[in-house]
1. Could you tell me which of rounded, prolate or oblate describes the stretch 13-128, using a ≥ b ≥ c as the square roots of the eigenvalues of the alpha-carbon gyration tensor, with rounded for a/c under 1.5 and, failing that, prolate when a/b is larger than b/c and oblate otherwise?
2. Taking the simple approach of a point 7 Å from Cα along Cα-to-Cβ for both residue 163 and residue 234, what is their distance in nm?
3. When only DSSP loop residues count, what trypsin sites (Lys or Arg not before Pro) in the stretch 140-212 have their Cβ near at most 13 other Cβ atoms within 10 Å?
4. Mind checking the stretch 1-75 for GluC sites (Glu not before Pro) that DSSP puts in a loop (not H, G, I, E or B) and that have at most 14 other Cβ atoms within 10 Å?
5. Say we join alpha carbon atoms closer than 10 Å with springs in a Gaussian network model of the chain; which of 51, 14, 210 then has the biggest fluctuation?
6. Quick check: residue separation of residue 10 and residue 52 times 0.36 nm, minus the Cα distance between them. What number comes out in nm?
7. For residue 254, which sequence-distant residues (separation of 5 or more, or a different chain) have an amide H within less than 5 Å of its own amide H, given hydrogens modelled in the peptide plane?
8. Principal axes first, then extents: for the Cα atoms of the stretch 64-208, list largest minus smallest coordinate on each axis, whole Å, largest first.
Amino acid sequence: MPEEAPDRDHMAALEKGLAVIECFDAAHDKLTIADVARATDLSRAAARRCLLTLARLGYAEFDGKFFRLTPRVLRLGHAWLASTALPQLVQPFLERLSEETHESSSASLLDGHEIVYIARSAQRRIMSVGLSVGTRLPAFCTSMGRVLLAFRDPADAQARILAGKPRALTPHTVTDPAKLAEILATVRVQGHCIVDQELELGLISLAMPLFNARGEVIAAFNISGQVQRSSARDMAEHVLPRMRALQAMLRPLIT
């Protein structure tokens, strides 16, 4: 088979630089050149050039051993938030839902094998880690993630799940790909998803898709709380009707 012709419009240097930025996270807030090289599969020389360029442009700082990202990186995320109306559109609806249910609500998009929070209304802290706009969580074990995966082609959803290398986060986490495929099929039929203590012990969440005016799923939203206050049955009986009403109100507004 002949080799695929290189894409002349592809900028490998930009790809490497973005990969370097993405290897920093909450668990890896400071990294050496060797750390970045391992995380990105770049050579040490390439990782060094990328890091020094980011530092020169103000996106990173270097203390002689470790590199850290600077707040300037937030400009990249803010550019997306400023260019799309969706977060601003759903925010007041989430706040209303939270006030009515006294629980926290969020909206997210699917990015690879993860969900990314784009809006949030928090009544109280519900997880051991803080949740805010920009937070990323694995899609396979979150209610919003399963909703977003359920409305994609099954082969694509399976590929995304496998790419995330699912692992058990609690004794209740479902990680078997075949079982997850069954769950996604059920979610697609029923139009909502409840995840009970699979992401974190004590946490329960109910999610639904957000459709645009053409009937396409463009995001997901949820209500999350503690099992001491809400059971899966309580959520299905009392919260689901409110969420369906919100879903219907938003649908004609989303282009």
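Just so you know, all these numbers are worked out from the coordinates, no wet-lab data involved. All values reported here derive from a predicted model rather than from experimental measurement. Virtual Cβ from ideal backbone geometry, glycine too; neighbours counted across all protein chains shown.
1. prolate
2. Those two pseudo-labels are separated by 3.7 nm.
3. Those that pass, being in a loop and sparsely packed, are 167.
4. 3, 4
5. 14
6. Here the segment from residue 10 to residue 52 would lengthen by 12.9 nm.
7. 213
8. Here the spans come out as 47, 43, 30 Å, largest first.
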